[in-house]
Amino acid sequence: MPLSLFNTLTRQKERFEPLVPGKVGLYVCGPTVYDYAHIGNARPVVVFDVLYRLLTRLYPDVRYVRNITDVDDKIIDRARENGEPMESVTARTAEAFHQDMAALNALPPDIEPRATAHIAQMVRMIERLVAAGNAYEADGHVLFAVPSMPDYGRLSRRSRDELIAGARVEVAPYKRDPADFVLWKPSPPEVPGWASPWGRGRPGWHIECSAMAETHLGETFDIHGGGLDLIFPHHENEIAQSVCAHGGAPLARYWVHNGFLTVEGEKMSKSLGNFFTVRDLLGEVPGEAIRLTLLGAHYRQPLDFTRDALRQSKATLDRWYGALRAVEDVPAAKDTAPPDELVTALEDDLNTPLAISHVHALVSSLNKSTETAERAALKGTLLAAGDLLGLLRRDPTEWSRGDAAAGGIDAAAIEDLIQRRKDARKGKDFAEADRIRKELADQGVILEDGPGGTTWKRA
RNA sequence: GGCGCGGUGGCAGAGUGGUGAUGCAGCGGACUGCAAAUCCGUAUAUCCGGGUUCGAUUCCCGGCCGUGCCUCCA
């Protein structure tokens, strides 16, 4: 079954065909690095990581570009508040972002361009837009002239009139048209800035993505991804800039947007106190449980992120790793592929919930199997399925034993108690054996008596 | 006000014009010295009202409810 994706441009699920056979260019809007990534930021990263893994499986040459926005007024504000240079804010935050996303098993993109390294490309693009009559200088700013682009609003399906009618913000006096947006703005001396034909200044929000996409993927590429909230104005404006700077060549052929996330049924916001950073959550549950939670709903559906969902994802992974733990002594079959139905589910517009149900089926088969060759085959298939989804990468025993919580009982002490319980059982002193079981249970350690002896795991 | 999305069992969450996946929780059973894990079995759902159809949860219209965006905010 061929890959199909829901294209925001046409509001339809379309069969995916790369522009150049065998070769795929993917651009995803990355973070503005001024603070830790929150769980809402993590959703597109994880969703497009699955797409990247799938594309890599289907096509020999995939180039995944995800930018880092390291110049922005929010960053500048943060730097001023902290009394530190913008560069130290962005370096620190980008590093934290990398750590957090790695903890979610998100692969790094092939190229991670930074806005500040592409100022020259932005300036050149703006110059082209001015020369072509699509942009103008006014009051130290350079603005994109929206009326110069007849197709403006196609992605978000808004007419210019609607935009103006719905505008909530006062229109800057230097704009020729209320819908015009900033390409370049002046920087006062205390604000970071770069020399340009229009004086010292800094780029507007949208131009960086146009310039970086052009630099690393060319004028027209295959897939552009991001959150639903970016459709307007960000992606609409990106299209306007790029298309006009490229003589009408389309920017991306498929626009893929992930849905929004709520927390415990409410919009995440700092004032509601339900604002979770990935970093906070990683202190409570393994990153893999966060990842599975994010993949538990279809990417275009709204996702309600709850403690209960997180707990359930952890329980699911416990079961999956439990099945792997039972076949630790069986070498996985080599060169195994994920099940066809799982690949098919992902090819159908990234139906991760359906794909996950196929993992459940695999785990169930593995638990039931008693024949060594079959178990080896199933183990290989399960690991291949996990690889495609970015799951089940850890050692199963290590997973089940978890990390000794601060003050928790350590592995050596547990083993010692298990030995003492074994002696008690040998002497039919079940009261003592049960006392030890209870003692460990009270510390979150569960004992499992199997044919090969007693093993343990943390609850 | 404009544009958009969604309403499926106790919870989460897919598919589908014709016996409604999957997981968690529940109940019963097997296994276990007791457990845990696992396995087997089992009850429970398509917001409301119209329309199209032999037949709609699925398509169309209306309503109700929830929710997102509406230009520097990612």
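The values are calculated or read from the model by the stated rules, or taken from the named source; none is laboratory data. Owing to the predicted nature of the structure, the values given are computational and were not obtained by experimental measurement. Backbone-built Cβ (ideal geometry, glycine too); neighbour counts: all protein chains shown.
Here region A:52-63 is the region considered, the condition is being touching a helix residue (DSSP H, G or I) at 6+ places or on another chain (Cβ under 9 Å) and in a strand (DSSP E or B), and the residue that is nearest to RNA strand B (Cβ to nearest atom) is A:ARG63.
In the condition set (1) more than 12 Å from RNA strand B (Cβ to nearest atom); (2) under 14 Å from the mean Cα position of the chain (by Cα); (3) closer than 23 Å to A:TYR27 by Cβ, A:GLU288 is compliant with all but (3). A count restricted to region A:64-95 and to residues that are away from RNA strand B (no atom under 15 Å from the Cβ) and either touching a Gly at 6+ places or on another chain (Cβ under 7 Å) or of a type in the set (A, V, I, L, M) (or both) stands at 2.
Identify, from the list A:ARG128, A:ARG124, A:ARG92, the residue that is surrounded by fewer than 18 Cβ atoms within 10 Å (Cβ to Cβ), touching a helix residue (DSSP H, G or I) at 6+ places or on another chain (Cβ under 6 Å) and of a type outside the set (A, V, I, L, M). Before the answer, list the steps.
Values: A:ARG124 fails: touching a helix residue (DSSP H, G or I) at 6+ places or on another chain (Cβ under 6 Å); A:ARG92 fails: touching a helix residue (DSSP H, G or I) at 6+ places or on another chain (Cβ under 6 Å).
Result: A:ARG128 is the single residue among A:ARG128, A:ARG124, A:ARG92 that is surrounded by fewer than 18 Cβ atoms within 10 Å (Cβ to Cβ), touching a helix residue (DSSP H, G or I) at 6+ places or on another chain (Cβ under 6 Å) and of a type outside the set (A, V, I, L, M).
Filtering region A:8-51 to residues that are assigned to a strand (DSSP E or B), within 13 Å of RNA strand B (Cβ to nearest atom) and surrounded by 15 or more Cβ atoms within 10 Å (Cβ to Cβ) leaves A:VAL28, A:THR32, A:HIS38. From the list A:GLY259, A:GLY273, A:GLY247, A:GLY296, the one residue that fits, being at pLDDT below 90, within 30 Å of A:LEU155 (Cβ to Cβ) and among the small types (Gly, Ala, Ser), is A:GLY259. Of the residues in region A:351-360, at least one is assigned by TED's automatic domain parsing to the domain that holds A:ALA289, under 25 Å from A:GLU17 (Cβ atoms), part of a helix (DSSP H, G or I) and not aliphatic (A, V, I, L, M). The set of residues from region A:320-350 being within 14 Å of RNA strand B (Cβ to nearest atom) and either in a helix (DSSP H, G or I) or outside the structural domain of A:LEU303 (by TED's automatic domain parsing) (or both) comprises A:TRP320, A:TYR321, A:GLY322, A:ALA323, A:LEU324, A:ARG325, A:GLU341, A:LEU342, A:THR344, A:ALA345, A:LEU346, A:GLU347. From the list A:SER196, A:SER210, which one is farther than 14 Å from A:LEU143 by Cα and not in a loop (DSSP other than H, G, I, E, B)? Checking each option against the conditions leaves just A:SER210.
For region A:217-263, residues that are more than 10 Å from RNA strand B (Cβ to nearest atom) and among the charged types (D, E, K, R) total 4. Among the residues of region A:437-452, those identified as more than 10 Å from A:ILE414 (Cβ to Cβ) and within 11 Å of RNA strand B (Cβ to nearest atom) are A:ARG437, A:LYS438, A:ALA441, A:ILE446, A:GLU448, A:ASP449, A:GLY450, A:PRO451. Kindly indicate whether A:LEU389 is closer than 19 Å to A:LYS314 by Cα and either modelled with pLDDT of 90 or more or of a type in the set (Lys, Arg) (or both). When the stated conditions are applied, A:LEU389 passes them. Residues that are touching a Gly at 6+ places or on another chain (Cβ under 8 Å) and assigned to a helix (DSSP H, G or I) were ranked within region A:300-319; the one that is farthest from RNA strand B (Cβ to nearest atom) is A:SER313.
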